[in-house]
Amino acid sequence: MTDTAVSADAAGSSNSALFELIEGFVMDLRAAGLPVSLSENIDAARAVEHVPLEDRTTFKYALAATLVKNNAHWRTFETLFEVYFSLRGKEYSLDGDSDDPFGDMDFDEDQDGPPGSGGEGGGGDGLSPEELAELLFQAMMKGDDALMRALSKQAVKRYAGMEPGRPVGGTYYLYRTLRNLDLDGMMERLMEQARQDSPQPLTPLEERLEKDEFENRIEQLKKEIEAEIRRRLVADRGAEAMAKTLRKPLPEDVDFMHASREEMANLRRAIYPLTRKLAVRLARKRRHGRKGPLDFRRTVRSSLSYGGVPAEPKFRYPKPSKPEIIVIADISGSVAAFARFTLHLVYAISSQFSKVRAFVFIDGLDEVTSYFEGVDDIAEAVHRVNTEADVVWVDGHSDYGHAFEVFWDKFGHDVNSKSTVLILGDARNNYHASQAWIIKEIEHRARKTFWLNPEPKAYWNTGDSIVGEYGAHCDGVFEVRNLRQLEKFVDNLV
Amino acid sequence: MTQRFESVDSVREGLAKVEYLADDAIAGVAFLADRLGKPILVEGPAGTGKTQLAKSLAEMLDARLIRLQCYEGLDESKALYEWNYKKQLLRIQSEAGDESTWDEIQEDIFSNEFLLERPLLEAIRAKDPVVLLIDEVDRVEVETEALLLELLSDYQVSIPELGTLEANQIPLVLLTSNNTRELSEALKRRCLFLHLDYPSMEREKEIVLTKVPGLTENLADQVARIVRSIRNLELKKHPSVSETIDWARTLILLGIEQISEEDAAKTANILLKYRSDIEKVIKEFSSNSKAHFDAPAS
């Protein structure tokens, strides 16, 4: 490719140290799971030649524009960027030329800085905890970013209790710092203050807006604190070691069963674009399927523009029949999140199916199809499923055998040769009777029967998991641990 | 090739002059696109000013905007070039009585004269400065995307009968995508990537102030804050920037200076386009009893 040759040349003539630096950064990005190709790497090297290196923001965006081609990867990029470049020379230092951000690590608590100087990073050592809290409150009230940043540094220094070489994760320090700052209490005080400051009582709308504003600021403060902790950890352990610990899975790779609260929120956000994409793709696939028999009428019509010569034969596109979907989902605690996402996804593309029926169970079974009817907010319906469905029979521990029995008794006759049955669950049956014969019957009657298991394959059939026993009667058992696998399965299903 | 922009700041200032408030990312990427001669792939939710960016860049550079609106089924003859079949036919017929040989005619009818330039070819053959906007590129099929590749990396178009047509200039190219499907790696690799998200509250306030004459600072602040709060909710479709601007205009027309819940509820249909969204927002913003001090959302 000529393009590559030229750019390699250009890169060669430039500062080779910079090139190496970027090379190293790209390695880190790749290690974190971001796909960066060779030509993108070269583009990045060319791009930074055109931007002033002292302009950190532009430098960052130059790298982002050339290296990150998917918005979902932005967070990872940003964190890695911060870690990787935080220690590389003065021009990359986090707060430009104001001060050495790690200088105050070496100074000890006994060295009293001029109290209350606020804007400076190292100042404020002489404050009492109450004064610090008060200052922070003032900063939050006014939305004073500079003061907030300075105070968050101070707070980390004081409360996180960081010791060099201690093998503790950043979250531990974050937790310690936040606990001492009591941000919930802060929120309450801020709202109280806002109410007092207002001449007349706040309307609900105003109250809401104030609350959102403060929440936003507190969020920002948390980010500052997190960044500060990260900076200090980098100083202690070195950028490479830190970069390794920061490797977070991308949203589509997050395990359903072990997602943290924040990851869950990300997943929820990720599912909207995902379903939209999937729906568009499926609709397209349907239209552009294989060609059918010759469409005589259209062929003749199009031949008119070639003077009657049928130069362009037209074909009829077959309309593939839409399957009917029956989802039977375990919604007990351990696999609830998985069931939620799958239901969401299936209903989001329900136009691809002639009919979708949903059943949920723990040890009892309930039909929840009606929850989704005429509702245009799927998330709301899924939420209702989790709170309102009547799924507890005896003790609220998964009993697949009994749930299947109920299904077979009440709804078994609805399963026919058009229906595709999806069973969601980890098949951890708490040592109850399996009643696997029902699955066999279903499989016999239905067009296809699939079992989706959110557990890693290695755990199947260990302990009380009897997925093998059920799986023997299914057309396929799939490991679906993250959005990526779920998307793939649904894609193939249609 | 002369450079269009002096520096990142000059991009920002130039865009501000045509009433487009660029943030660091936008200005930086536009600057790089010019320096590296690479197209920009702009991605983001609907209504964040992707298409407007191209228009504003064209206005700022005093260039002609050539726009290719993508849709399913777009093909070569609509995007690149087409032979003027009728004219060719006419040519052959008018020659019918002459002595000219087949070779001569063939050479003749496959020349520039019979070539209909479509947007992509037009953009690289243009002599005057142009900005090429390939809008909603995610709407074409993956196979059609390949059409763009040669153009975007080498700025040339190969026509079997004519040979390769080189570019007269490297135009500034913007591709926009609503992300309804993943674009191919090959296409992404050739572009600079710019994600346009909803603007920050401060920037949105500035935008509203610039775009809506007669708006007071106070009202703009309220508008921006309410819109931000709405975007924090889980909705089917979040209000876009253009909808925010429309809303601000409506408020002015109604002579509202302080937005009350009632006003907000009455005019919510300008910001939101789904009934369920509107209901949700009204419910959220008027529920007095809701616990106000639950832990800040993480």
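We did not get these values from a lab; they are worked out from the coordinates using the rules stated. Fair warning: this is a prediction, and the values are worked out from it, not measured in the lab. Cβ atoms come from the backbone with ideal geometry, glycine included; neighbour counts cover every protein chain shown.
So the values come out like this:
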read-out	value
Relative contact order computed over region A:25-66 (Cα-Cα under 8 Å; 6+ residues apart), in percent	32 percent
Virtual spin-label span in nm between A:W74 and A:D295, 7 Å along Cα→Cβ	4.2 nm
Sparse-neighbour loop sites [GluC sites (Glu not before Pro); region B:41-149; at most 16 other C-beta within 10 Å; DSSP]	B:E72, B:E99, B:E141
Sparse-neighbourhood loop sites, trypsin sites (Lys or Arg not before Pro) in region B:180-249 - DSSP loop, at most 15 other Cβ within 10 angstrom	B:K237
Value at 222 nm in deg cm²/dmol, rounded to 500, when DSSP H runs of n ≥ 4 in the protein assembly as shown each add -39,500 (n - 2.57)	-16000 deg cm²/dmol
Simple spin-label estimate for A:S303 and B:I92 in nanometres, 7 Å along Cα-Cβ	1.8 nm
Extension gain (nm, one decimal) between A:A265 and A:R237, 0.36 nm per residue minus Cα-Cα	7.0 nm
Three principal axis lengths of the protein assembly as shown [C-alpha, angstrom, descending]	104, 75, 60
Loop-located GluC sites (Glu not before Pro) in region B:195-270 whose Cβ has at most 16 other Cβ within 10 Å (DSSP)	B:E234, B:E257
Separation of the A:E163 and A:R179 label points, Cα + 7 Å toward Cβ, nm	1.6 nm
A:E469/A:E388 FRET efficiency (R0 30 Å; Cβ-Cβ; nearest 0.05)	0.45
Ranked list, fewest to most other Cβ atoms within 10 Å of each Cβ, for A:Y347, B:Y85, A:Y431	A:Y431, B:Y85, A:Y347
